[in-house]
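First comes the structure, then the notes that go with it.
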Amino acid sequence: MNTYDREQKEFMPKCIKDTIQIINSMKKNLELKKNVITNQALLLEYVFDLLQNEIDNTELTEELCESKDDFLVYSRKAFAKSILTKVENWEGNKNDK
């Protein structure tokens, strides 16, 4: 066996080990990213549920408001509707592309 063959034989296992380490590192990074995306999705779902509950559980309309407190409650409902509408429009535009 010449020197070149010996070096090739020694290099291959190291190359394979390095490749395996890179693959394992990439798998860990992908798992971390997957967890972050999952957590973000859960947070968004929670926020959307809060907004929808604000809309569903507020029966006040602008005409029915009689006090400052009523206007505050109604404003929260209007704000929640506004945010959900913007998100729906944003998602619609994103899906059109």
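The values are calculated or read from the model by the stated rules, or taken from the named source; none is laboratory data. All of these numbers come straight from a predicted model, not from anything done at the bench. Cβ sites come from the backbone with ideal geometry, for glycine too, and all protein chains shown count toward neighbours.
For this structure, a couple of remarks:
- Every test in (1) at pLDDT 90 or above; (2) among the aliphatic types (A, V, I, L, M); (3) not in a helix (DSSP H, G or I) is passed by Leu84 save one, and that test is (3).
- Residues of the range 55-74 that are touching a residue at least 12 places away in the same chain (Cβ under 8 Å), assigned to a helix (DSSP H, G or I) and not hydroxyl-bearing (Ser, Thr, Tyr): Ile55, Glu62, Val73.
- Residue identified as in contact with a helix residue (DSSP H, G or I) (Cβ under 6 Å, 6 or more places away or on another chain), assigned to a helix (DSSP H, G or I), at pLDDT 85 or above and among the basic types (Lys, Arg) among Lys28, Lys77: Lys77
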